[in-house]
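Quick notes on the structure that follows.
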Amino acid sequence: MTDQDKKPDYKEIYKIVKDLFEKVDFLSYGPFDETYYTLRVFNVAEKIMNQLDEKCDKEAILVAALLHDVGKIKLNFDLLFKGGEFLGSFSEEWRKHSKISVEFAGEILANLNYPSDFLTRVLYLIENHDLRGDKMKERTIELKVLQDADLIADLGMTGFIRPFLYGGKYKRSVIKSIAFIKTEDRTAGGTKLNLELSKKIAKKEMDTQKRLVDEISEGLKNSYFEL
Ligand SMILES: [Fe+2]
C-alpha cells in the first residue's frame, strides 16, 4: 500500500471476522475456536516478519492472516465430523474453505473501500494458504510467511490446550486427553515449513508444548497409577 492509500484497520477487520465465526457454533468455541486461532496466526506472522531480513508486504500478510479461514463458516459440518470423529469426506470438504474465504474476504475488503491492487495481493495469499509442499512450485515471500504462521499457530500453547478443549466438547476425560497429548507427535507440521527462521520459531513452540505436557504428566505421577 502507498501512503495515500488506506492503512489497514486490523481491529475493524478482526471484528467482522469474529462476528462471522461467532455465528457458527462449531467455530466459536472448543477445539475449533477460530477467533483464537485467527489471532494466533496474526501474531505468529508478525513474529516471523519481525525477525525476517527480507522485505515483505506486511499489511497484505496481516490482513490475509485475519481473513484466510473465514470461508470455514460455509463448510458443511455434516461432511466433516460425526460425534467428534473426522469423517472420510473431511479433507474434500475442508479443502473448499480457501476459495470460499477468497469470496468473503474480497467482499469484506471491497465494502471497506480497500484499493483493488491491495485486494489482489491479499486474495492471492488467502487462495493459496493451504497449498503446501509440492502443491505449488513457487511462492512469494508473503505466502511463505503466511503458510508458516498458519502451521506454527497450532503449536506450543495451542497444541497443549486444544486436546483439552476437544475433551470438553466430546466428553473425553482429562486423563485421556493428557495421555493423548503425551503420545501425539506434532513435529510433522514442522517439516512443511518454508523458512529456516520459521523452523527455529516452531522449535521454541514445541519446546514450550513439551514442557507443559511434561509438567502436567509429572503432576499426576504416582507409583500406583499409570497414565
Ligand atoms: Fe486454512
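Restricting to the stretch 138-185, and then to whatever is outside any helix (DSSP H, G or I) and within 16 Å of the ligand (Cβ to nearest atom), can you tell me which residue is nearest to Leu123 (Cα to Cα)?
Pass one, the stretch 138-185, residues outside any helix (DSSP H, G or I): 138-140, 153-156, 170-173, 184-185.
Now drop any that are not within 16 Å of the ligand (Cβ to nearest atom), which leaves 139, 153-155.
Values: Arg139: 14, Ala153: 20, Asp154: 22, Leu155: 25 Å.
Checked the stretch 138-185; the qualifying residue nearest to Leu123 (Cα to Cα) is Arg139.
Got a sec? Which of Leu79, Leu52 is away from the ligand (no atom under 15 Å from the Cβ), surrounded by fewer than 20 Cβ atoms within 10 Å (Cβ to Cβ) and within 24 Å of Leu165 (Cβ to Cβ)?
Working: Leu52 fails: within 24 Å of Leu165 (Cβ to Cβ).
Exactly one residue qualifies, and that residue is Leu79.
Could you list, in sequence order, all residues of the stretch 56-68 that are of a type in the set (D, E, K, R) and either touching a Pro at 6+ places or on another chain (Cβ under 8 Å) or without any contact (Cβ under 8 Å) to a residue 40 or more places away in the chain (or both)? So that I can check it myself, show each step before the final result.
Within the stretch 56-68, the subset of a type in the set (D, E, K, R) is 57-59.
Hits for the stretch 56-68 are Lys58, Glu59.
Of all residues in the stretch 93-103, those being surrounded by fewer than 21 Cβ atoms within 10 Å (Cβ to Cβ) and over 16 Å from Asn76 (Cα atoms) number 1.
Yes/no per residue for (1) away from the ligand (no atom under 15 Å from the Cβ); (2) of a type in the set (Gly, Ala, Ser); (3) over 18 Å from Asp154 (Cβ atoms); (4) touching a Pro at 6+ places or on another chain (Cβ under 9 Å):
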| residue | (1), (2), (3), (4) |
| --- | --- |
| Glu46 | yes, no, no, no |
| Val70 | no, no, no, no |
| Phe86 | yes, no, no, no |
| Ser98 | no, yes, no, no |
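With respect to being within 15 Å of the ligand (Cβ to nearest atom), among the acidic types (Asp, Glu), within 21 Å of Leu62 (Cα to Cα) and in contact (Cβ under 8 Å) with a residue 60 or more places away in the chain, Asp130 falls outside the description. Sub-6 Å Cβ pairs linking a first residue in the stretch 6-35 that is under 18 Å from Leu165 (Cβ atoms) to a second residue that is aliphatic (A, V, I, L, M), at least 6 apart or interchain, are Phe21/Leu27; Val24/Ile73; Gly30/Leu165; Pro31/Leu165; Glu34/Leu27, ordered by first then second residue. The set of residues in the stretch 4-33 being in a helix (DSSP H, G or I) and modelled with pLDDT under 95 consists of Asp25, Phe26, Leu27, Ser28, Gly30, Pro31, Phe32. Can you tell me which residues in the stretch 55-68 are within 14 Å of the ligand (Cβ to nearest atom) and not in a helix (DSSP H, G or I)? Selection gives His68 alone. With the condition kept exactly as written, say whether any residue in the stretch 79-94 is modelled with pLDDT of 95 or more, assigned to a helix (DSSP H, G or I) and under 16 Å from the mean Cα position of the chain (by Cα). Checked the stretch 79-94: no residue is modelled with pLDDT of 95 or more, assigned to a helix (DSSP H, G or I) and under 16 Å from the mean Cα position of the chain (by Cα). Would it be correct to say that Phe118 is within 28 Å of Glu196 (Cα to Cα), more than 16 Å from the ligand (Cβ to nearest atom) and modelled with pLDDT of 95 or more? Answer is yes for this residue.
When residues of the stretch 175-197 are filtered for being aliphatic (A, V, I, L, M) and either touching an Asp or Glu at 6+ places or on another chain (Cβ under 8 Å) or at pLDDT 90 or above (or both), how many remain?
The number of residues fulfilling the criteria is 3.
For Asn194, the criteria (1) more than 16 Å from the ligand (Cβ to nearest atom); (2) assigned to a loop (DSSP other than H, G, I, E, B); (3) surrounded by 18 or more Cβ atoms within 10 Å (Cβ to Cβ) hold in every case but one, which is (1).
The values are calculated or read from the model by the stated rules, or taken from the named source; none is laboratory data. Just so it is clear, the model here is predicted, and its values are computed rather than measured. Positions of Cβ are backbone-derived with ideal geometry, glycine not excepted, and every protein chain shown enters the neighbour counts.
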